[in-house]
1. Tell me, please, whether a residue that is more than 30 Å from Tyr171 (Cβ to Cβ), open to solvent by 10 Å² or more (accessible area, probe 1.4 Å) and in contact (Cβ under 8 Å) with a residue 12 or more places away in the chain can be found in region 217-234.
2. Looking only at region 153-188, which residues are open to solvent by 40 Å² or more (accessible area, probe 1.4 Å) and in a strand (DSSP E or B)?
3. Search region 271-298 for residues being small (Gly, Ala, Ser) and open to solvent by less than 50 Å² (accessible area, probe 1.4 Å), and hand back the single one that is modelled with the lowest pLDDT.
4. Please tell me if Leu91 is over 23 Å from the mean Cα position of the chain (by Cα) and aliphatic (A, V, I, L, M).
5. Return yes when Asp51 is more than 27 Å from His164 (Cβ to Cβ), open to solvent by less than 10 Å² (accessible area, probe 1.4 Å) and touching a residue at least 12 places away in the same chain (Cβ under 8 Å) and no when it is not.
6. Can you name the residue in region 105-121 that is under 20 Å from the mean Cα position of the chain (by Cα) and of a type outside the set (Gly, Ala, Ser) and, of all such residues, is nearest to Val166 (Cα to Cα)?
7. I'm checking my understanding of the structure. Among residues of region 22-47 that are aliphatic (A, V, I, L, M) and at pLDDT below 95, which one is nearest to Val314 (Cα to Cα)?
8. Are any of the residues in region 163-171 under 19 Å from the mean Cα position of the chain (by Cα) and of a type outside the set (Asp, Glu)?
Amino acid sequence: MKLAPLVSLAVVLATTALLSRPSFAQCSAPLFGGGPVLATGGAPRAVLAGDFNEDGNLDLAVLASADPSMGVWVYPGNGDGTFAAPRITTLGGSPRAMAAGNLDGDAHLDLAVAAPGDATVKILRGDGTGAFSLAQTIPVEAGATGIVIADLNADGAADIATSHAVDMGSYFNGFCTVMLGIPSAGAGSGQFATPNAMPFNNGGKDIAAGDFNEDGITDLILSQMTAELRIFLGQGSGGVGNGTFKGTLFYWPDWGFNGGALQAVKVDGDAHLDLVDGSDDGLALFRGNGDATFNRPPTAFPVGEYPGIHVAAVVVGDWNHDGKLDFGGVDPGASQFYFGLGNGNGTLGPMYSVFVAGRPIDVTAADFDRNGSLDLAIVSNLYKVVSVIPGLCTAKSTAVEEGDPSVIAMVRVLRVGRSSLELEYAAAGPARFDLFDVAGRRAVPSLLVAGSPGVRRITWDHDRFGAGVYLVRLEDAGVTRTRRFVVTE
């Protein structure tokens with residue numbers, strides 16, 4: 001699948017190496033410290049990271065859903081964990097959710113904003129300086145609750161999907177709305193076709209994209225107000241989607257487990273895509289079976305004043321640098337960020353918490369201070385602030401590359417460019433490289449490299465790919481090594 005094209009790509013983190021004989025330098029608590037607190041607009045609802053001004057440092061975008069200064073606030077990052085004064089793009093419509101991607105093929109990061117107040121999706125075109133302008137307003141169903149960007153029909157243009165909960169008085173109707181990007185020269189044009197609204201019973205909450213039935217075609221999954229997962233399976237043939245979907249329902253076994261925030265990621269060590277969920281009962285993991293079904297019951301991780309906790313947003317990362325994914329979420333009522341350290345098999349070890357004042361409502365993770373550790377940015381709705389919480393674990397999170405000479409243990413991402421990936425690696429002979437996104441979708445064709453034993457550098461040409469988490473996998477002499485890296489612009 002071709003992903004939405006982006007240029008000036010920046011590798012900001014390389015966190016995982018899986019070897020035949022792994023050795024990790026990991027950290028123990030405390031894993032987070034204190035950082036700056038940034039004032040923002042009225043009733044902030046969402047936060048995300050990206051290099052919006054293309055200076056090589058990660059910036060923050062915050063969505064303010066009420067006055068004063070309703071709209072998108074972009075804080076330019078200084079590269080040391082601090083941020084400059086925000087640039088504000090004023091919007092109407094009480095915006096609630098946003099996603100970032102290259103929507104128009106011009107090499108700059110754009111934003112798609114779901115605004116339930118006026119029942120629209122607003123396309124904001126980035127100019128590469130950190131400024132945005134309104135390029136298109138798309139009428140959609142009322143009550144938008146979530147938004148995601150993905151290439152749903154494999155035409156090279158980024159598409160948009162939204163979840164909706166329409167208040168009918170005594171109940172809620174749900175919609176999943178798909179807006180296919182109109183391609184131009186193999187990339188997006190910044191314009192979108194007429195939305196396709198797919199109705200279902202009960203309101204939708206969050207939305208995520210991924211290949212949940214492993215047919216090579218991107219699917220959509222929504223959490224619902226009635227403790228259910230609504231899955232829309234992407235249709236097509238030969239692993240290529242056509243932008244249409246078939247709806248199905250997966251019931252959660254515990255009716256009281258009222259979920260919401262979703263992250264699609266592989267966390268339990270198998271080949272199937274899983275779901276990390278935030279709910280009224282804490283954190284939960286739905287372990288994927290590879291056929292668009294999930295384990296029953298989900299693995300629950302109660303946190304805080306259980307029961308009654310409400311996790312409003314979730315985030316995934318390797319915070320202690322042991323090569324296993326951890327996850328956590330924010331609880332507005334308790335003003336806490338709760339997280340657990342992953343064991344690599346779908347379970348969590350000790351649970352920790354970080355106090356975040358002012359009703360935290362959303363969270364994102366990125367390396368804002370460029371020290372190799374994931375930091376947090378948490379937006380608080382009541383105090384109208386963004387708390388930047390630096391990660392303290394700076395130990396190498398990759399397998400040790402020195403030591404036993406009988407273990408060939410090195411694969412390193414050196415550079416990600418507009419249309420190439422530069423790698424340095426050690427191999428016993430011929431090697432095979434594969435590149436996947438975090439949903440397990442192959443981003444480019446496999447690369448076979450001949451050669452004798454030793455350390456080599458290669459440049460791997462590829463189609464330009466979008467912001468996200470990627471896995472580059474090297475197979476050599478029966479040993480598989482995987483390096484994870486993040487592209488943020």
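1. Checking region 217-234: not a single residue is more than 30 Å from Tyr171 (Cβ to Cβ), open to solvent by 10 Å² or more (accessible area, probe 1.4 Å) and in contact (Cβ under 8 Å) with a residue 12 or more places away in the chain.
2. Looking only at region 153-188, we keep the residues that are open to solvent by 40 Å² or more (accessible area, probe 1.4 Å), and these are 155, 167-173, 180, 182-186.
Within region 153-188, Asp167, Phe172, Asn173, Ile182, Pro183, Ser184 qualify.
3. Taking region 271-298 as the starting set, the residues that turn out to be small (Gly, Ala, Ser) are 271, 278-279, 282, 284, 288, 290, 292.
Subset that is open to solvent by less than 50 Å² (accessible area, probe 1.4 Å): 278-279, 282, 284, 288, 290, 292.
On the way: Gly278: 85, Ser279: 77, Gly282: 83, Ala284: 87, Gly288: 93, Gly290: 93, Ala292: 93.
Checked region 271-298; the qualifying residue modelled with the lowest pLDDT is Ser279.
4. Numbers: over 23 Å from the mean Cα position of the chain (by Cα): yes; aliphatic (A, V, I, L, M): yes.
Against the criterion (over 23 Å from the mean Cα position of the chain (by Cα) and aliphatic (A, V, I, L, M)), Leu91 qualifies.
5. Values: more than 27 Å from His164 (Cβ to Cβ): yes; open to solvent by less than 10 Å² (accessible area, probe 1.4 Å): yes; touching a residue at least 12 places away in the same chain (Cβ under 8 Å): yes.
Considered against the rule, which asks whether it is more than 27 Å from His164 (Cβ to Cβ), open to solvent by less than 10 Å² (accessible area, probe 1.4 Å) and touching a residue at least 12 places away in the same chain (Cβ under 8 Å), Asp51 comes out as yes.
6. Going through the qualifying residues, I end up with Val121.
7. Within region 22-47, the first condition is being aliphatic (A, V, I, L, M), and the residues that meet it are 25, 29, 31, 37-39, 43, 46-47.
Right, trim to at pLDDT below 95 and you get 25, 29, 31, 43.
Working: Ala25: 26, Ala29: 20, Leu31: 17, Ala43: 19 Å.
So, considering only residues that are aliphatic (A, V, I, L, M) and at pLDDT below 95, the one nearest to Val314 (Cα to Cα) is Leu31.
8. Pass one, region 163-171, residues under 19 Å from the mean Cα position of the chain (by Cα): 163.
With the extra rule that they be of a type outside the set (Asp, Glu), the set shrinks to 163.
Yes - at least one qualifying residue is present in region 163-171.
The values are calculated or read from the model by the stated rules, or taken from the named source; none is laboratory data. As the structure is a computational prediction, the values presented were derived from the model and not from experiment. A quick note on method: Cβ atoms are made from the backbone with ideal geometry, for glycine too, and the neighbour counts reach across all protein chains shown. Just so you know, the surface numbers come from the protein's heavy atoms only, side chains and all, with ligands and any DNA or RNA stripped out. Shrake-Rupley method; radii C 1.70, N 1.55, O 1.52, S 1.80 Å.
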